[in-house]
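Trainee: Starting off with a structure, shown below.
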C-alpha cells in the first residue's frame, strides 16, 4: 500500500474521530442552492453537531432520491405532484417554502445590456421559431436597441430541474403553442438548444458562448455579473426581477396559501409583479425514524424561518411573506 | 533513374511524416502537463490540502475532504479487489483446469472492457438500491470491479513467468504445492505483481463515472462509510462545469494534483518493473 | 510424501496441527483460490443479470422499437435510444478518423525507423497518455478545444466547407466535433502502443527480403510489414473504438447535451454514456430509470462484441508472428 493511502486513512480516521456530528443528507434544487449552502454552513457554525450535506443536483433528482430514501430530505422548485407523493408510502411529505426567487433570461450579446422580452418572444426563442437576435418580434419590443444579426444560441437544462418547471410553466401560461407542443415539467423535450447541468451549468454556458440566452435564477446572474432582460408581466409592464417585483408576485398567493403550500405564482397579477417567480420548497418527511435527525431538522427549520429569512435579500432572493411564515411555523411543530 | 528518384523522395516524405506524427503524439502529453501546471500550480497551496470546500463565491476553500475521500474509496476497492485478483490469479496460474481458466479469463476480460458508467449502474443496483444510501461502500465496490480484472491478469501473468525450474526444485525438496506457491513462486513474481497492482490503483484513482451515483459527493468530511463521500475526480467535474472562476481555479489545482499522483505512480511502477525484469535476467 | 518435513513432536497443540494441515493441504488452497476465481465469473454474470432485470420495465414498454425511436420525452414517459446510439457511433467513428492516421503513422515511426532507445522512450511517454484520467481530458477540453473551435475552428469550417450540411449551423464550440476531437486524442495511445507491438512482431526476414529486392525503407514498411501486421493494427483500432464508445466524462463535458439527432457536426448532441451520467440520479419514475439502464445494457453489449473481436484479431497476429 503506498504511503499516500496510509496518510489519507490516518487523516480520515482522525477527522472521523474528531467530528462526531450527525450528518444529514439532502439533495435537490440548484435554484436555491447558493442560499441553502450558506444557511447550512452558518447553522453548522452555530450548532456544530448538526451537519447538513446538501447536494445541488436538480429538483428532479431531489424528488427521486427522497422517493428512494437515499436522502433525509429533498428540495425542489416544483411542488411534488399527487402522483409523486403517492409513491412515498412510508410517511407524509411536507412542503416548506423557504424563499422566493425569480428566474431571469440571462443573455450574452456584445454591446447590449438590456433586452425586453415578452412571453411570446421567449416562447418563440425556445420553440425555435425565433432564430435570430434581430427578429422582428424582438425588435418591436426593443426600439432603439442595436440587436445584431446573429443566431440565437438557446441554452436549457440537461438535468431534471425545478427551474425548468417554473420556466416551462410560465411559457405554458403565455403561449398556447408551447403548452400543446412541449408542456411544463422538470424535464421536457426541448425543441432546440444546448443543455447545461444545473443553474451553474447553464450560467457557465451562457457566459462562455457569445449570442446565447439561458434561463437561470437571479442569484446566478448576480454572482457571475451577467446581463439579463426584463419580462412582460400579466399587467403588460416590462419588469426586471428583484426583491420587490418577486415579492409582489407572491402577494396574492400568500393571502390564499393552500394548507400544503403547493402553489404556482408564475404570470401573477400585479402592476409590478415579476412573472417568472416561484417559491422553492424543502420536502421534509413528517416523521423521522432517527429522532436525533428529526430534532436537528426541526431546529434548522425554526432558524430558517427567523434568522435565515434575513439573509435572503442579501443573496438576491426575496424572503417569505409574513403570513406564510406564520402558517409554516405551525407546520414545523407537526414534524416528528 | 527518374523513377528511383521519385521513390526515394516519396520514401523521405513518408518517413518524415511519420516522424511528425510521433512528435505530435508525444507533444500532446507535454501540452496537457503544461496546461495543468500553468493553470494550477498557483492554486495548489496549503488551503487546497487542508480546507473544506466553501459555498460558491467565497474564496479560500479547498478540497481536503475530496483528497481523503478519494483515499477512502480507493482503500475500500483495494480491500475487495486485490485479494480477489491475487488469489484468483493464483488459481489461474497454478491450479485451474482448462475450462475453468478459460471461463474465468473470458469473464475477467469482459469485466475489464465494461464502460465505467455501466459499472456505476451495476454498483448502484447492488449497493445503493439495496442499502437506500449513497455511500463510500458503493463507490469502493464500483472501483473494485475495475480493480479485479487488472489484479487477476497481472498476478496470472507474472506467476506464469516464473521459470518451471523453480517450481520443480521446490517440489523435489518435498514442499507441498501450497508451500511452493507461498514461499517460492509468489516471492519470485512479487515485483511484477505489485507494480501491476499499483498501476491498477493509479487507473481507478482517476475514475469519475462510477462514483457519480454511488459515492455521490459531500461538502463535509464523511464520518461514516455508509455516507456519501467527496472525491477528487467528481470535484474536478462539478467545479469545471460551474460558472465560478474560483471553482475553475480549484479544478485546475485538483487536476494537477490528481494527474501528478497518477503519473508518479505509473512512472515509478514501470521503473521498478524494468529494474526487476533486468535483475531476473541478469 | 507431504508432511515429512514436519517435526514429529507428539506434544503439538491441536491448533498447531490444524494450521499445519491448512498450510500443507493443497486441497484447501485449491478450494480457496477457486472460490475467488469463481467470484470473478459470478460477479460478471451478476452484472449482466442486474442490467437485464432493471431495464425490464422499459423493455416491456417499448420492445425492440426502443433502439430505433428518436423520442426522448420524460413528461410523456416515451423514450428512444436512437439519438444516443447515433451520437455514440458518430463521435467514436470521427474520433478514429482523426486518430488512426496519426497513430498508425507514429507506430510505424516507432517500430521501423526510430533507434531503439528513442523508440522506447517515446513509447513510454505515449503510454503515459493512456493513464490520464478522462475527467482531466474533459477539464482541458472545456478550456482549450471548445474556445478554439468556437472562435477559429468552426467559423473556418463554415467559411470553407459551409456548403456541406455537416458544417452548417451556429458555431457553439460544444458539440459532436468537439467530442470527436477530444475522443480522438484519448484513443491515440492505445492504437500507437498495440500497433507498434504488432509491427515489431513481424519477422525480420520479411523486411530483409523486401530490402534485398531493392525496396526503399518506406516501400518495405508500407507494402510488406504493415500488411503482415494488419490484423493486429485493426485489432488495436477495434479496441480503441470500444474504449471510445464507453468514454463518459470527457464527452459529457463537451458534447452540448441535446437529445435530438442533428446532421451538422457543429451541433450539440448526446452519447449513451453522457446521458446516463447526466440523468441517472434524477430520473423520476420507474420507466425513466429503466430506460437509462437499458441504454447501459445496449452499451454493454456493443462494447462486449467489439472487445471480443479485437481480442481475436490481436491474438491472430501474435500467433501468426510466432508461427515461423
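Trainee: Quick one: which residue in C:174, C:126 is modelled with pLDDT under 90 and in a helix (DSSP H, G or I)?
Mentor: C:126
Trainee: If you don't mind, another one. Would you confirm whether or not the stretch B:212-230 contains a residue that is buried (at least 17 other Cβ atoms within 10 Å of the Cβ) and within 14 Å of the chain's Cα centre (by Cα)?
Mentor: Scanning the stretch B:212-230, I find no residue that is buried (at least 17 other Cβ atoms within 10 Å of the Cβ) and within 14 Å of the chain's Cα centre (by Cα), so the answer is no.
Trainee: Answer yes or no: is there a residue in the stretch A:68-83 that is outside any loop (DSSP other than H, G, I, E, B), at the interface with another protein chain (Cβ under 9 Å from one of its Cβ atoms) and modelled with pLDDT of 85 or more.
Mentor: no
Trainee: Name, by its number, the condition in (1) closer than 19 Å to residue A:293 by Cα; (2) in a loop (DSSP other than H, G, I, E, B) that does not hold for residue A:24.
Mentor: (2)
Trainee: Does residue C:232 meet the test of being part of a helix (DSSP H, G or I), crowded, with 24+ Cβ neighbours inside 10 Å and at negative phi?
Mentor: So residue C:232 fits the description; yes.
Trainee: In the stretch A:264-299, which residues are touching a strand residue (DSSP E or B) at 6+ places or on another chain (Cβ under 7 Å), surrounded by fewer than 20 Cβ atoms within 10 Å (Cβ to Cβ) and assigned to a loop (DSSP other than H, G, I, E, B)?
Mentor: Matches in the stretch A:264-299: A:272, A:286.
Trainee: Separate question: Answer with yes or no whether residue B:44 is within 10 Å of another protein chain (Cβ to nearest Cβ), touching a helix residue (DSSP H, G or I) at 6+ places or on another chain (Cβ under 7 Å) and farther than 22 Å from residue B:212 by Cβ.
Mentor: In short, no.
Trainee: Answer with yes or no whether residue B:151 is modelled with pLDDT of 90 or more, buried (at least 18 other Cβ atoms within 10 Å of the Cβ), away from chain C (no Cβ under 14 Å) and in a helix (DSSP H, G or I).
Mentor: In short, no.
Trainee: Further, regarding this structure: Within the stretch B:196-209, work out how many residues are more than 9 Å from every other protein chain (Cβ to nearest Cβ) and within 14 Å of residue C:135 (Cβ to Cβ).
Mentor: Here is the first cut: in the stretch B:196-209, the residues more than 9 Å from every other protein chain (Cβ to nearest Cβ) are B:196-197, B:200, B:204.
Then keep just the ones that are within 14 Å of residue C:135 (Cβ to Cβ); that gives B:204.
Number of matching residues: 1.
Trainee: Something else about it: State whether one or more residues within the stretch B:52-72 are buried (at least 19 other Cβ atoms within 10 Å of the Cβ), in contact (Cβ under 8 Å) with a residue 60 or more places away in the chain and more than 14 Å from chain A (Cβ to nearest Cβ).
Mentor: Checked against the condition, which is being buried (at least 19 other Cβ atoms within 10 Å of the Cβ), in contact (Cβ under 8 Å) with a residue 60 or more places away in the chain and more than 14 Å from chain A (Cβ to nearest Cβ), the stretch B:52-72 yields no hits at all.
Trainee: Being over 30 Å from residue A:209 (Cβ atoms) and away from every other protein chain (no Cβ under 12 Å) is the requirement here; does residue C:96 meet it?
Mentor: no
Trainee: Could you look through the stretch B:223-249, keep only residues that are touching a helix residue (DSSP H, G or I) at 6+ places or on another chain (Cβ under 6 Å) and facing another protein chain (nearest Cβ under 7 Å), and pick out the one that is nearest to residue B:132 (Cα to Cα)?
Mentor: Here the residue is B:223.
Trainee: Moving to a separate point now. With the structure loaded, tell me whether residue C:113 is within 14 Å of chain B (Cβ to nearest Cβ), surrounded by fewer than 21 Cβ atoms within 10 Å (Cβ to Cβ) and under 30 Å from residue C:311 (Cα atoms) or whether it fails that test.
Mentor: It is true that residue C:113 is within 14 Å of chain B (Cβ to nearest Cβ), surrounded by fewer than 21 Cβ atoms within 10 Å (Cβ to Cβ) and under 30 Å from residue C:311 (Cα atoms).
Residue by residue, here is whether (1) over 30 Å from the mean Cα position of the chain (by Cα); (2) surrounded by fewer than 18 Cβ atoms within 10 Å (Cβ to Cβ); (3) without any contact (Cβ under 8 Å) to a residue 60 or more places away in the chain; (4) over 19 Å from residue B:101 (Cβ atoms) holds:
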| position | (1), (2), (3), (4) |
| --- | --- |
| B:170 | yes, no, yes, yes |
| B:181 | no, no, no, no |
| B:185 | no, no, no, no |
| B:202 | no, no, no, yes |
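Trainee: Looking at residue B:100 and the list (1) farther than 26 Å from residue B:213 by Cβ; (2) touching a helix residue (DSSP H, G or I) at 6+ places or on another chain (Cβ under 6 Å); (3) surrounded by 16 or more Cβ atoms within 10 Å (Cβ to Cβ), which single condition is not satisfied?
Mentor: (2)
Trainee: So residue A:49 passes all but one of these: (1) over 26 Å from residue A:266 (Cβ atoms); (2) within 12 Å of chain C (Cβ to nearest Cβ); (3) in contact with a strand residue (DSSP E or B) (Cβ under 8 Å, 6 or more places away or on another chain). Which condition number does it fail?
Mentor: Residue A:49 satisfies every listed condition except (2).
Trainee: Taking the stated definitions as given, is residue A:232 in contact with a helix residue (DSSP H, G or I) (Cβ under 8 Å, 6 or more places away or on another chain), surrounded by fewer than 21 Cβ atoms within 10 Å (Cβ to Cβ) and either at positive phi or within 8 Å of another protein chain (Cβ to nearest Cβ) (or both)?
Mentor: no
Trainee: Name the one entry in C:162, C:175 that is over 20 Å from the mean Cα position of the chain (by Cα) and closer than 23 Å to residue C:272 by Cβ.
Mentor: Every option except C:175 fails the conditions.
Trainee: Hey, which of the helices (runs of 4 or more DSSP H) in the stretch B:43-146, taking only ones fully inside, have at least 2 residues that are at pLDDT 90 or above and in the same structural domain as residue B:250 (by TED's automatic domain parsing)?
Mentor: B:64-90, B:98-113, B:116-123
The values are calculated or read from the model by the stated rules, or taken from the named source; none is laboratory data. Remember, it's a predicted structure, so these values are computed and weren't measured experimentally. Here Cβ is always computed from backbone atoms with ideal geometry, including for glycine, and neighbour counts include all displayed protein chains.
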